[in-house]
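Remarks on the structure that follows.
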Amino acid sequence: MRNLEDFFLEPGCSHNGEKTEKERKKGCSKPQPGSASGGCAFDGAQITLLPIADAVHIVHGPIACAGNSWDNRGTRSSSSDYYRMGFTTDLNEINVIYGGEEKLLDAIKEAADKYKPPAVFVYQTCVPAMIGDDIVSVCKRASEELGLPVIPVDSPGFAGSKNLGNKLAGDALFRYVIGTREPKYTTPYDINLLGEYNIAGELWQIMPLFQELGIRVLACISGDAKYEDVAAAHRAKVNMVVCSKALLSLARKMEEKYGIPYFEGSFYGIKNTSEALRNFAKLLGSEELIEKTEKLIAKKEEETRQKLKPYIEKLKGKKVLINTGGVKSWSMVSQVQELGMVVVGTSSKKSTKEDKERMFKLLGDDGKLIDDPNPKELVKLCREHKVDVLMAGGRSKFVAIKEGIPFLDTNQERIKPYAGYDGMIVLAQELVRTIYSPVFDLYKEPPPWQY
Ligand code: SF4
């Protein structure tokens, strides 16, 4: 495994840049007991790479690791469905004693023979890492024998958190995949999206905007991605890091090696979507494109605001508490504020200082940043502010149910897409449906046997 310290010294990360030399040397967040409880490093690596839908993803480890991470995100594919199949070497006690390398080699050969994928990803997990299985050598041998890219992802869960796993996956792409193929053709307007996983089909909400502007998404890393496209991503003219710090180091390395400029942005909300489109036009450097983009933005903003009117009437003034991942929080705050809602608080546990400043500006004096969004704190805020809806991940659902508050799932397991201008309308519809649903009043009633 590479020196993990490198992953905590990311120069492109504003969070890291704010530290003193001494603090920086200590690294970002050394793994603490329990730091993998929200997903281990292996889980994070798979979240990042599994959306490469036509590749086979083999989990080298006991079967429970594959079970832990398989199909637990709502990513969608328009072509292959290999990403929805669970491949594992299913290590047992005998393999722990004699080693699992041969079993891994056999598994790679079997998967390659049966499914003929363009590439195989192999994920290291805790047990084979502890017994010393060398997946890098096995992948190299398999690749030579099969004439197929076989990519080792050295991401044992004990290495750290899910976020570290995202970074390890980005590193595997940079070292073994990106730059290994040439695209069939290039255009002056080729771009990449980094950290967009096509959850619930969100990528498909923004693709028509790019098509209308004549911008080609050369590779989306990794939502709805094909291996060949990711391998040719080095020919893009601009990278956008979508709403996530996870692949920032990949963007920075691609800038250093291939000269691709990048920016961080979001497709949540009208303003953020327009800003992202403007940034692309500016970095692609064509006056004609800038003009075309402004026209499209004006048209789309007007259309969206018209369509939102009936929903805003119902949502205006409603109080919302948001508990999502730290980076997504600021873009979601601005998204619901555009619907006329009042944000009483939002989680900032994983946010950088820069994200927090953005949130402070958006929230004003009344909103609260929640550094530790535990159930007790959420309940307190819900009661204090008489919250109308809780927007959070599935784990917070039970807080809402016990408090009798409408709940909208906004995490990666969600089934509705909220990106771009169209996503604003979907979000508004979902919020109205949730807040005005009679079911939330019904379960505040006493059970029938108590009447
Ligand atoms: S990689 Fe390790 S921490 Fe992650 S699921 Fe497997 S055993 Fe658990």
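The values are calculated or read from the model by the stated rules, or taken from the named source; none is laboratory data. Since the model is a prediction, treat every value here as computed from it, not as a measurement. So basically every Cβ, Gly included, is an ideal-geometry build from the backbone, and we count neighbours across all protein chains shown. Accessible surface areas use protein heavy atoms only, side chains included; no ligands, DNA or RNA. Shrake-Rupley method; radii C 1.70, N 1.55, O 1.52, S 1.80 Å.
Which one of these is out of contact with any helix residue (DSSP H, G or I) (no Cβ under 9 Å at 6 or more places or on another chain), in a helix (DSSP H, G or I) and open to solvent by 40 Å² or more (accessible area, probe 1.4 Å): 402, 397? Lay out the reasoning, then the answer.
Numbers: 402 fails: out of contact with any helix residue (DSSP H, G or I) (no Cβ under 9 Å at 6 or more places or on another chain).
Only one candidate passes the filter, namely 397.
Can you tell me which residue in segment 150-167 is nearest to the ligand (Cβ to nearest atom), limited to those that are touching a residue at least 60 places away in the same chain (Cβ under 8 Å) and under 17 Å from residue 128 (Cβ atoms)? Break it down stepwise before answering.
Residues of segment 150-167 that are touching a residue at least 60 places away in the same chain (Cβ under 8 Å), as a first pass: 153-167.
Then keep just the ones that are under 17 Å from residue 128 (Cβ atoms); that gives 153-159, 165.
Working: 153: 11, 154: 12, 155: 8, 156: 6, 157: 2, 158: 6, 159: 9, 165: 9 Å.
Among residues in segment 150-167 that are touching a residue at least 60 places away in the same chain (Cβ under 8 Å) and under 17 Å from residue 128 (Cβ atoms), the one nearest to the ligand (Cβ to nearest atom) is 157.
Scan segment 254-280 and report the pairs whose first residue is among the acidic types (Asp, Glu) and whose second residue is open to solvent by 20 Å² or more (accessible area, probe 1.4 Å) and modelled with pLDDT of 95 or more, with Cβ atoms within less than 8 Å and a gap of 6+ or a chain change.
Taking only residues 6 or more apart or on different chains, the pairs are 255/261; 255/262.
Of all residues in segment 289-322, which are among the polar types (S, T, N, Q) and open to solvent by 40 Å² or more (accessible area, probe 1.4 Å)? Please lay out each step first, then the result.
First, the residues of segment 289-322 that are among the polar types (S, T, N, Q): 293, 304, 306.
If the condition is that a residue be among the polar types (S, T, N, Q) and open to solvent by 40 Å² or more (accessible area, probe 1.4 Å), then 306 is the only one that fits.
Test each condition in (1) within 16 Å of the ligand (Cβ to nearest atom); (2) loosely packed, with under 13 Cβ neighbours inside 10 Å; (3) modelled with pLDDT under 95; (4) not aliphatic (A, V, I, L, M) for residue 72 and report the one that comes out false.
Among (1) within 16 Å of the ligand (Cβ to nearest atom); (2) loosely packed, with under 13 Cβ neighbours inside 10 Å; (3) modelled with pLDDT under 95; (4) not aliphatic (A, V, I, L, M), residue 72 violates only (2).
Which residue is surrounded by the fewest Cβ atoms within 10 Å (Cβ to Cβ), if the candidates are limited to segment 111-149 and must be within 16 Å of the ligand (Cβ to nearest atom) and in a strand (DSSP E or B)?
Here is the first cut: in segment 111-149, the residues within 16 Å of the ligand (Cβ to nearest atom) are 121-133, 135.
Within this subset, residues satisfying the condition of being in a strand (DSSP E or B) are 121-124.
Details: 121: 28, 122: 26, 123: 34, 124: 28.
So the residue we want is 122.
Suppose the filter is open to solvent by 60 Å² or more (accessible area, probe 1.4 Å), over 27 Å from the mean Cα position of the chain (by Cα) and modelled with pLDDT of 95 or more; does residue 182 pass it?
Details: open to solvent by 60 Å² or more (accessible area, probe 1.4 Å): yes; over 27 Å from the mean Cα position of the chain (by Cα): no; modelled with pLDDT of 95 or more: yes.
Here the answer is no, as residue 182 does not meet what is asked.
I'm checking my understanding of the structure. Among residues of segment 83-102 that are surrounded by fewer than 20 Cβ atoms within 10 Å (Cβ to Cβ) and more than 16 Å from the ligand (Cβ to nearest atom), which one is modelled with the lowest pLDDT?
Only one residue tops the list, namely 84.
May I ask you to list the residues in segment 264-288 that are surrounded by fewer than 19 Cβ atoms within 10 Å (Cβ to Cβ) and farther than 26 Å from residue 308 by Cα?
Correct list: 282, 283, 285, 286, 287, 288.
Among the residues of segment 47-69, which ones are open to solvent by less than 10 Å² (accessible area, probe 1.4 Å) and polar (S, T, N, Q)? First the steps, then the outcome.
So the first thing to find is which residues in segment 47-69 are open to solvent by less than 10 Å² (accessible area, probe 1.4 Å), and the list is 48-49, 51-53, 55-61, 69.
Within segment 47-69, 48, 69 meet the criteria.
Is it fair to say residue 258 is touching a helix residue (DSSP H, G or I) at 6+ places or on another chain (Cβ under 6 Å) and either surrounded by fewer than 19 Cβ atoms within 10 Å (Cβ to Cβ) or not polar (S, T, N, Q) (or both)?
On the way: touching a helix residue (DSSP H, G or I) at 6+ places or on another chain (Cβ under 6 Å): yes; either surrounded by fewer than 19 Cβ atoms within 10 Å (Cβ to Cβ) or not polar (S, T, N, Q) (or both): yes.
Criteria met by residue 258.
Can you report the number of residues in segment 216-235 which are open to solvent by 10 Å² or more (accessible area, probe 1.4 Å) and in contact (Cβ under 8 Å) with a residue 60 or more places away in the chain?
Summing the residues that are open to solvent by 10 Å² or more (accessible area, probe 1.4 Å) and in contact (Cβ under 8 Å) with a residue 60 or more places away in the chain in segment 216-235 gives 3.
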